[in-house]
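First up is the structure itself, then whatever we jot down about it.
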Amino acid sequence: MKKFNEVAINKMETLIKELVEAYGPSGEEAAVRELIEEKIKDSVDRTFTDNLGNLFAIREGAAPLLMFSAHMDEIGVIVTHIDDNGFLRIAPIGGVAPHLLVGQRLSFKNGVTGTVYHEKIKALKELDWPKLYLDIGAAGAAAAREHIRIGDMACLHQPFVNLGGRYMAKAMDDRIGCAVLVEAARRLPGSLPQGVCFVFSVQEEVGLRGATTAAYRLEPDYGFAVDVTLVGDTPEAPLMAVSLGQGPAIKVKDRSVLCHPRVRELMIETAEKHKIPYQLEVLERGGTDAGAIHLSREGVPSGAISIPCRYVHSPSEMVDAGDVAHAVELIEKIIMVSWPLPDSGSGA
Amino acid sequence: MKEEEVKELVMELSFAVGISGSEESATAAASRHLERYVTRVWRDRLGNLIAFKEGDKPGEEPFSLALVAHIDEIGAMVTKIEEGGALRFTGVGGIDPRILPGQPVEVHGRTLLKGVVGAKAPHLLSEKERREASKFEDLFIDIGLTKEQAEKQVRIGDLVSFDAPPLAMTAGKNIAGKSLDDRAGVAALVICAAELAAARHRANIYFVASVQEEVGLRGATTAAYGLVPDLAVAIDVTHGEAPGLTPPDVFELGGGPAIAVGPNFHPALTARLEELARDNRFSIQREADTGVPGTDAWVIQVSREGIPAALLSIPLRYMHTTVEMLSLDDLINTGRLLAAFARSLDRPFVEGLACF
């Protein structure tokens, strides 16, 4: 009999596994970028990167231009101090809860791995960054400094696991979005109703920075973020009407964007026409690349497709394989819709 | 405009619905008034309403002034339909859970549905509940339907507006209503446009009813980028005096608009507004603003290469409630001061703004 976790790994799973296991805290996305460029280049007309490190993959076409953005960066930590005994002090990159790091393994770009632990504390609530340290097994400061400098960044070290229809890994936020876009690009036919640019953005976790400059450069007519969203289906979860396995979520609102009503409706119509299951998402915390895209230049009507994800920003972010497959299908169909040319905005 | 016309205008704008992100019906109302006085009217990609009036400037290089007031209002959004049919919701913009229980609302579902924010009867409150103000997670909207019926009418993400017709106080000149933050500012734009209808002014003027201010000054961000005005004045509201509040936090109703002073505002614009108020005997107040990103002026100032900005604020009591209250005198004075400001502008003044 097959063991529960021994489910056949298809091609997209391999892609997801490679992407989530890659190293890429905000500002250090090179390994992820190289991997994605390799995977997507045969599906698009051209690729290029910009000064901040965003990767653009373009399918040329008539106006309007659709921009899809999934962020490559993940949360992590940065070394702030190396003490005399070779222990590293760390600060967060992006939204990292200190208690989730205790006992976790972290890896640096050069492969150095260590674990996070804490000083003596009386109560869990004392657990904050000044109490945490990263132990890379160095026997003293000199040994630590041979490998690590102040400012080096580390991210979680966790393998991808297929739980049987559900995937668990670090950095699902937002490598799952990257995987969805790579797969959607691969499936597109030879002729499209309009131009499409897939953007793999940097520095989302520290303030939507990559998407800000990417949208400025591209000047798209419509923007779509592809990212993870929170769920309300776990024990005593905060109230939220999104569950794992009920389909990708079409975003209505989060802290960064009120999705453009017509963009949202066209996405809903597309899902319903093709009988793709979907959920509507009102996210009371958090933001996504659409927040930056829609305010670019004179404004870009924008929306977002979200993959429901449990335990976001933890070492074990969990998504549903069906939601992932349906997200790919929804994006593919959205690209095949003939989008109207938006108003010029000039009033002419 | 006559006082009676201003009263009708501000009450109409107050009653219009335009929650951040879905401002169409409110912009349509503003557009109907503005289009009488301008050269042309359009909306940009985010939905900002722009009414343009060309200046009268023989032989002079054109320059432009943007007058910006936000058209969006705070409201709520459905987050979940509960087993019994009650709707859970979250705020769009800064709504205050303290004032919600007992509030009539309209749910913008597949059709417009009347509803109320439910509240536990005082008899049924525990000792602890009696002492505490209501919290969002305890609140719900009752539209009188079962879950099955509600699901046919309402989707997650549907908007909820306050069903609150404006009130003219029986005596005096005060008006109370929802959304006067910042429909009062939009009304001031209309008053200004009406004043300028037959007047000569050199500046090209953009009257902008901006969207999504309450969720982060978003409409003004893209409008300023798109219009590239040479200078701008934002018109918003500030807190009016009321029992328990003292200056400098609050301003007198009837004391005139508050002219903001501080790092966000170009000193030459502030000085010109004060000078014109003195010359024309408009009452004004002065508001020291240390630089909290509170109004559209904040994003306009740093758009592109920088846009000199000023802020006029109309005193308003009970902000972000359904009974926000203002004085018609302040509103009329604001519109007239803006018109005087627009008429006063010439090319040398605009060029002088870069010289500190």
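The values are calculated or read from the model by the stated rules, or taken from the named source; none is laboratory data. Computed from a predicted model, the values in this text were never measured in an experiment. We place every Cβ from the backbone using ideal geometry, glycine too, and count neighbours over all the protein chains shown.
Structure values in brief
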quantity: Hits in the range A:236-276 - residues which are under 27 Å from A:ASP221 (Cβ atoms), more than 10 Å from chain B (Cβ to nearest Cβ), among the aliphatic types (A, V, I, L, M) and not in a helix (DSSP H, G or I); calculated: A:ILE276
quantity: Candidate set from the range B:300-332 (those that are in contact with a Gly (Cβ under 8 Å, 6 or more places away or on another chain) and of a type in the set (S, T, N, Q)); member that is surrounded by the most Cβ atoms within 10 Å (Cβ to Cβ); calculated: B:SER327
quantity: Odd one out for B:GLN153, checked against (1) modelled with pLDDT of 95 or more; (2) surrounded by 20 or more Cβ atoms within 10 Å (Cβ to Cβ); calculated: (2)
quantity: Test: residue in the range B:129-137 that is closer than 28 Å to A:SER243 by Cβ and modelled with pLDDT of 95 or more; calculated: no
quantity: Any hit, the range B:234-256, residues being buried (at least 19 other Cβ atoms within 10 Å of the Cβ), in a loop (DSSP other than H, G, I, E, B) and within 14 Å of chain A (Cβ to nearest Cβ); calculated: no
quantity: Filtered residues of the range B:101-151 (kept if free of Cβ contacts under 8 Å to residues at least 12 places away in the same chain and not charged (D, E, K, R)); calculated: B:LEU112, B:ALA121, B:PRO122, B:HIS123, B:LEU124, B:LEU125, B:SER126
quantity: Unique match (being in contact with a Lys or Arg (Cβ under 8 Å, 6 or more places away or on another chain) and farther than 18 Å from A:MET172 by Cα) among A:VAL300, A:VAL337, A:VAL319; calculated: A:VAL300
quantity: Qualifying positions in the range B:201-250 - over 26 Å from A:LYS253 (Cα atoms) and among the aromatic types (Phe, Trp, Tyr); calculated: B:TYR206, B:PHE207
quantity: The lone exception for B:LYS57 - which of (1) at pLDDT below 95; (2) within 12 Å of chain A (Cβ to nearest Cβ) it fails; calculated: (2)
quantity: Conditions (1) over 12 Å from B:ASP230 (Cα atoms); (2) touching a helix residue (DSSP H, G or I) at 6+ places or on another chain (Cβ under 7 Å); (3) assigned to a loop (DSSP other than H, G, I, E, B); number of the one not met by B:THR322; calculated: (2)
quantity: Residue match in the range B:333-354 (condition: crowded, with 22+ Cβ neighbours inside 10 Å, among the hydrophobic types (A, V, I, L, M, F, W, C) and part of a strand (DSSP E or B)); calculated: no
quantity: Matching residues, the range B:151-164, being under 32 Å from the mean Cα position of the chain (by Cα) and within 22 Å of A:LYS251 (Cβ to Cβ); calculated: B:GLN153, B:VAL154, B:ARG155, B:ILE156, B:GLY157, B:ASP158, B:LEU159, B:VAL160, B:SER161
quantity: Complete set of residues in the range A:208-232 that are over 23 Å from B:GLY91 (Cβ atoms) and not hydrophobic (A, V, I, L, M, F, W, C); calculated: A:ARG209, A:GLY210, A:THR212, A:THR213, A:TYR216, A:ARG217, A:GLU219, A:PRO220, A:ASP221, A:TYR222, A:GLY223
quantity: Residues of the range B:60-73 classified as at pLDDT 95 or above, away from chain A (no Cβ under 11 Å) and not in a strand (DSSP E or B), total; calculated: 2
quantity: Residue list for the range A:203-235, filter: charged (D, E, K, R) and either assigned to a strand (DSSP E or B) or modelled with pLDDT under 95 (or both); calculated: A:ASP227
quantity: Test: residue in the range B:3-17 that is surrounded by 22 or more Cβ atoms within 10 Å (Cβ to Cβ), away from chain A (no Cβ under 14 Å), touching a strand residue (DSSP E or B) at 6+ places or on another chain (Cβ under 8 Å) and touching a residue at least 12 places away in the same chain (Cβ under 8 Å); calculated: yes
quantity: Meets criteria (within 13 Å of another protein chain (Cβ to nearest Cβ), free of Cβ contacts under 8 Å to residues at least 60 places away in the same chain, β-branched (Val, Ile, Thr) and surrounded by fewer than 18 Cβ atoms within 10 Å (Cβ to Cβ)) for B:THR90; calculated: no
quantity: Residue match in the range B:133-144 (condition: exposed (fewer than 12 other Cβ atoms within 10 Å of the Cβ), over 30 Å from the mean Cα position of the chain (by Cα) and not acidic (Asp, Glu)); calculated: yes
quantity: Every residue from the range B:325-356 that is more than 21 Å from B:LEU9 (Cα to Cα) and of a type in the set (D, E, K, R); calculated: B:ARG343, B:ASP346, B:ARG347, B:GLU351
quantity: Test for B:ALA76: is it more than 10 Å from every other protein chain (Cβ to nearest Cβ), closer than 28 Å to B:LEU231 by Cα and not in a loop (DSSP other than H, G, I, E, B); calculated: no
